[in-house]
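What follows is a short report on a single structure.
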Amino acid sequence: MDRNEAVLRELKLYPLWRRRGAPAPVAAVEVVQEAQASDYAAPPRPAQPDVGRALARHAPSELVEAVGLKPDLQHSPVSRGGELSNINWPELKQQVRDCTLCKLRAGCTQTVFGVGDEQAEWLFVGEGPGADEDAQGEPFVGQAGKLLDNMLLAIGLRRGKNVYIANIVKCRPPNNRAPEADEIATCLPYLQRQIELIKPRLIVALGKTAATALLGRDAPLGSLRGTLHDYHGIPLVITYHPAYLLRSPMEKAKAWQDLCLAMRARHGEA
Ligand code: URA
């Protein structure tokens, strides 16, 4: 079995059927660690609040403008956009390290800033750190991270090489819950500044929390994936969160389609 096959097998997409004459869609570069989806399975979460609507209620004004929420929905005394707009990487890292602006910091071990090539063309955005990430200080190092690494390999990418990985919130929410709207609104300016500094050519939002926060509107993920969106002039592709794919491996085929869309978009073909 060659490397491509190994990657596709891991994504449960093998054997791959291709139209005669069509170009090969993958350029996998690494041997994939064999792992069973069931090894990764995380318990399903309880129903989450409507993040988009709640975000609209709590978002600070600069966030409202940045993500295009309706001004009449804004309601927040906080405004940090000005503070962050001129700071450099070391200052931003320091601010995140020192941040105590929301209740998440009190319950986590450390902040998880983000990792990778600070001039990457590809930016992947998840939701927030889990237990492993909280312990190690790096995004996506647990079981979902292994799948994300394999997804990267499937499109010829590798963590840290032309790829940056970050989350919507920098601190682990307790009990594996989704971040709440006020936590997202407080933390999002850090990611926004990261994006300004990285200047990625493409953003991939992993899961509904990332999609909602970056788009500034709420919709079922199934209706958002499969088309190209825009984040301030940067093409934005929305796909399923790797943790969800571990619980719902049948959806991996759609995630693969999304990655193909991302590759086409990156090369100006979408
Ligand atoms: N899930 C996320 O959304 N981010 C991580 O860093 C880990 C798991």
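Looking at Leu246, is it within 16 Å of the ligand (Cβ to nearest atom), open to solvent by less than 40 Å² (accessible area, probe 1.4 Å) and either of a type in the set (A, V, I, L, M, F, W, C) or at pLDDT 95 or above (or both)?
Considered against the rule, which asks whether it is within 16 Å of the ligand (Cβ to nearest atom), open to solvent by less than 40 Å² (accessible area, probe 1.4 Å) and either of a type in the set (A, V, I, L, M, F, W, C) or at pLDDT 95 or above (or both), Leu246 comes out as yes.
Okay, residues lined up against (1) closer than 15 Å to Ile198 by Cβ; (2) crowded, with 21+ Cβ neighbours inside 10 Å:
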site	(1), (2)
Gly130	no, yes
Glu138	no, no
Val141	no, yes
Leu147	no, yes
Ala154	no, yes
Gly160	yes, no
Ile168	no, yes
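What number goes with the only condition from (1) more than 17 Å from Glu196 (Cβ to Cβ); (2) free of Cβ contacts under 8 Å to residues at least 40 places away in the same chain; (3) more than 10 Å from the ligand (Cβ to nearest atom) that Pro90 does not pass?
Exception for Pro90: condition (1).
Of (1) assigned to a helix (DSSP H, G or I); (2) over 16 Å from the mean Cα position of the chain (by Cα); (3) surrounded by 19 or more Cβ atoms within 10 Å (Cβ to Cβ), Tyr190 satisfies all except one. Which?
(2)
Would you pick out the residues in segment 93-115 that are under 12 Å from Arg193 (Cβ atoms) and among the small types (Gly, Ala, Ser)?
Within segment 93-115, just Gly114 meets the criteria.
Which of the residues that make up segment 138-169 are in a loop (DSSP other than H, G, I, E, B), under 22 Å from Tyr244 (Cα atoms) and over 13 Å from the mean Cα position of the chain (by Cα)?
Selection gives Glu138, Val141, Gly142, Ile155, Leu157, Arg159.
Any chance you could count how many residues in segment 170-185 are among the charged types (D, E, K, R), within 14 Å of the ligand (Cβ to nearest atom) and open to solvent by 20 Å² or more (accessible area, probe 1.4 Å)?
Residues in segment 170-185 being among the charged types (D, E, K, R), within 14 Å of the ligand (Cβ to nearest atom) and open to solvent by 20 Å² or more (accessible area, probe 1.4 Å): 2 in total.
The values are calculated or read from the model by the stated rules, or taken from the named source; none is laboratory data. A quick note: this is a predicted structure, and the numbers were derived from the prediction, not measured. Cβ: placed from backbone, ideal geometry, glycine included. Neighbour counts: every protein chain shown. Accessible surface is based on the protein model in full, side chains and every heavy atom, while ligands, DNA and RNA are left aside. Shrake-Rupley method; radii C 1.70, N 1.55, O 1.52, S 1.80 Å.
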